1. Taking Ala314, is it assigned to a helix (DSSP H, G or I) and not β-branched (Val, Ile, Thr)?
2. Looking at region 226-239, can you tell me whether even one residue there is in contact with a strand residue (DSSP E or B) (Cβ under 7 Å, 6 or more places away or on another chain), open to solvent by 20 Å² or more (accessible area, probe 1.4 Å) and polar (S, T, N, Q)?
3. Please specify each residue of region 242-268 satisfying the condition of being crowded, with 22+ Cβ neighbours inside 10 Å and closer than 27 Å to Gln188 by Cα.
4. Which condition does Val151 not pass, out of (1) among the aliphatic types (A, V, I, L, M); (2) in a helix (DSSP H, G or I); (3) in contact with a strand residue (DSSP E or B) (Cβ under 9 Å, 6 or more places away or on another chain), if it passes all the others?
5. Please specify each residue of region 141-159 satisfying the condition of being in contact with a Leu (Cβ under 9 Å, 6 or more places away or on another chain) and open to solvent by 70 Å² or more (accessible area, probe 1.4 Å).
6. Which one of Gly135, Gly122, Gly90, Gly97 is closer than 21 Å to Glu36 by Cα, in contact with a helix residue (DSSP H, G or I) (Cβ under 9 Å, 6 or more places away or on another chain) and free of Cβ contacts under 8 Å to residues at least 60 places away in the same chain?
7. Look through region 34-49, keep the residues that are closer than 23 Å to Leu172 by Cα and in contact (Cβ under 8 Å) with a residue 40 or more places away in the chain, and return whichever of them is nearest to the chain's Cα centre (by Cα).
8. Mind checking which pairs have a first residue in region 260-285 that is on the phi > 0 side of the Ramachandran plot and a second that is assigned to a strand (DSSP E or B) and open to solvent by less than 10 Å² (accessible area, probe 1.4 Å), Cβ under 7 Å, 6 or more apart or different chains?
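The values are calculated or read from the model by the stated rules, or taken from the named source; none is laboratory data. Source: prediction; values computed, not measured. All Cβ positions, glycine included, derive from the backbone under ideal geometry; neighbour counts span all protein chains shown. The protein model used for the area step is the full one, side chains on, heavy atoms only, and it has no ligands, DNA or RNA in it. Shrake-Rupley method; radii C 1.70, N 1.55, O 1.52, S 1.80 Å.
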Amino acid sequence: MKPIAGIDSREHARRRRQLMRIAGDDAILVLPAAPERIRSRDTHYPYRQDSDFWYLTGFPEPQAVLVLVPGRAHGEAILFCRERDPDREGWDGPRHGPEGAVDSFGFDDAYPIDDLDEILPGLLEGRTRVYYHFGHDTEFDIKLIGWVNRVRALVRSGAQPPHELLELGHLLDELRLFKSPAEIRMMQRAADISVRAHEAAMRAARPGVHEYELQAEIERVFRMHDAVPAYGSIVGAGANACVLHYVANNAQSKEGDLVLVDAGAEYRGYAADITRTFPVGGRFGKEQRALHDLVHEAQAAALAEARPGLPYEAGHEAAVLTLTEGLLRLGLLKGNLEKNVAGGTYRRFYRHKTGHWLGLDVHDVGDYRIDGQSRLLEPGMVFTIEPGLYIAPDDTSVAAKWRGIGIRIEDDVLVTRDGHKVLTARLARSADEIEALMAG
């Protein structure tokens, strides 16, 4: 699988122009890069750029600030970044510097980050609104308020300070919700890598394998294809599969266990998110298969609602109805269907929603409801469909044969003009397909 290029700088420039058109000519937009984070003492966590900053710039370095000034005669898109420094680059790797930022990333102008304090107040002057992510970085919040106050202090000299401070996410989240063809290519690559990783885990499974051994197989495949984990991989054997955000990944499986693997690759910043549940010994038990078939049926019902013009919430409602019918059929719930759905009794076994937006963040930005109503699906949206069932190991209200079984099936779905495309469709999903893959 050969690497593919990331998003072109011309697309980043189009995004910036689109955002500035929405913000208006009297606005200014300020967005800092993600800060570096200390892991312990003098070592850092691997650097990961802020998703919004990456969406608008493709610039990979820390200590940078994007400023968008719609209608500015001397250039609207300005980047402040680190200067070239041969000594530091010998330790930390090459930097682009202001000149490289203009040449390689298409900014109108770029300045050293050390000049931000001197230049930004002048850019704020004459603008009525400032768009910024308040509350994300307290240190930068204080700096920005200080720059605004410096302009306010000059009012008697004729300065015109901004009088509105507005949340940038209100504008940017809606843009990010709709994926371009180039973004879909990145997400398809992330999905393809993730499929290979899940297949590797299934083939490595055997009674006695440790959860971390399967995690190692998955993340080995990620790195082989120039990807990284999009989130902490979840590998839960046996009753650990009933813990929705299980993180320990240190238990040893045993004969008869199911293993739930929730893991996805991030490629060029874009995430995949897949969950499969498979028998460590290669064959589902009777009760395991019954529940797996039910979850698979619920996912199919939700997928049938994934098309333009239908409410986002319709998929969840279809999954809930299917799961509740099945739980009644299997004797895990009692009573009639309507009362169980209305009363939410299914939540004993199904505690989460049926999906989420997917993109630069694994739980991506975008409103799920508009004016109190579930928003309608539109082409270009990407989301997960992930029903599940989790029977707690200590739930004495059900027969012992069901206890400790946790199952989730999750795929990544693109809304198209006439329906949907499952980006992760190549991975075995039904019980029969999973057993065949593991046997092969």
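1. yes
2. Looking for residues that are in contact with a strand residue (DSSP E or B) (Cβ under 7 Å, 6 or more places away or on another chain), open to solvent by 20 Å² or more (accessible area, probe 1.4 Å) and polar (S, T, N, Q), one finds none in region 226-239, hence no.
3. Hits for region 242-268 are Val259, Leu260, Val261, Asp262, Ala263, Gly264, Ala265, Glu266, Tyr267.
4. Val151 satisfies all of (1) among the aliphatic types (A, V, I, L, M); (2) in a helix (DSSP H, G or I); (3) in contact with a strand residue (DSSP E or B) (Cβ under 9 Å, 6 or more places away or on another chain) except (3).
5. Selection gives Lys143, Ile145, Arg150.
6. Gly135
7. So the residue we want is Gln49.
8. none
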